[in-house]
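The values are calculated or read from the model by the stated rules, or taken from the named source; none is laboratory data. Since the model is a prediction, treat every value here as computed from it, not as a measurement. Reconstructed Cβ throughout: ideal geometry from the backbone, glycine too, with neighbour counts over all protein chains shown.
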Amino acid sequence: MDPIHMHLLSNHIPILGSLFAFLLLIVGMVIKNKTVEITALSTLILVTLLTFPAYFSGEDAEHKVEHYAGVSEHELEEHEEHAETTLWLMIASGLLASMALASYKYSPQYTNWMRLTTLIVCGLAFLSMIPLSLHGGKIMHQELRGDTPALESHEEDH
């Protein structure tokens, strides 16, 4: 599988996975269900690990597509900058989720604080993926950039 396909396949995991973990953690905290919370935190750790293939395949994918016709160099650069920020937010989310899991056993007095901190950072990581995804889509899709040539009118065909 080439880097472009790897990147396109793997980049949805951090987006959907972080949103799922975020929502699941909220549900677990609201209904005060430790099993749901642990599932959410474990999911977030897994999603964090799966963020690395998306990030690292992006560099190789960039080198392959940067010379394609219609590719926006500006959007490539914006996408790359947002990817780095998002990677660090996901790493922080995964580490906080690990600490929150450990707090259940080793420091129960910090569990509430760790869950809330993890929730906030996970939410920020997900929010950072919105412009990241938007710039990623604009790399190849002229219609998203708003610079698609006007379509010719075919009124005589009707």
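Of everything in the stretch 53-69 that is of a type outside the set (Ser, Thr, Tyr) and surrounded by fewer than 15 Cβ atoms within 10 Å (Cβ to Cβ), the residue that is farthest from LEU96 (Cα to Cα) is ALA69.
Looking across the stretch 16-41 at every residue that is in contact (Cβ under 8 Å) with a residue 40 or more places away in the chain, within 24 Å of PHE52 (Cα to Cα) and surrounded by fewer than 19 Cβ atoms within 10 Å (Cβ to Cβ), the one that is nearest to the chain's Cα centre (by Cα) is identified as LEU19. Can you name the residue in the stretch 75-96 that is without any contact (Cβ under 8 Å) to a residue 60 or more places away in the chain and buried (at least 21 other Cβ atoms within 10 Å of the Cβ) and, of all such residues, is farthest from LEU119 (Cα to Cα)? Across the stretch 75-96, the extreme among qualifying residues is ALA83.
Checking SER10, SER72 one by one, the residue that is surrounded by 12 or more Cβ atoms within 10 Å (Cβ to Cβ), at pLDDT 90 or above and of a type in the set (Gly, Ala, Ser) is SER10 and no other. When ALA102, ALA69 are checked against the criterion of being assigned to a loop (DSSP other than H, G, I, E, B), free of Cβ contacts under 8 Å to residues at least 24 places away in the same chain, farther than 15 Å from PHE126 by Cα and of a type outside the set (S, T, N, Q), ALA69 stands alone in meeting it.
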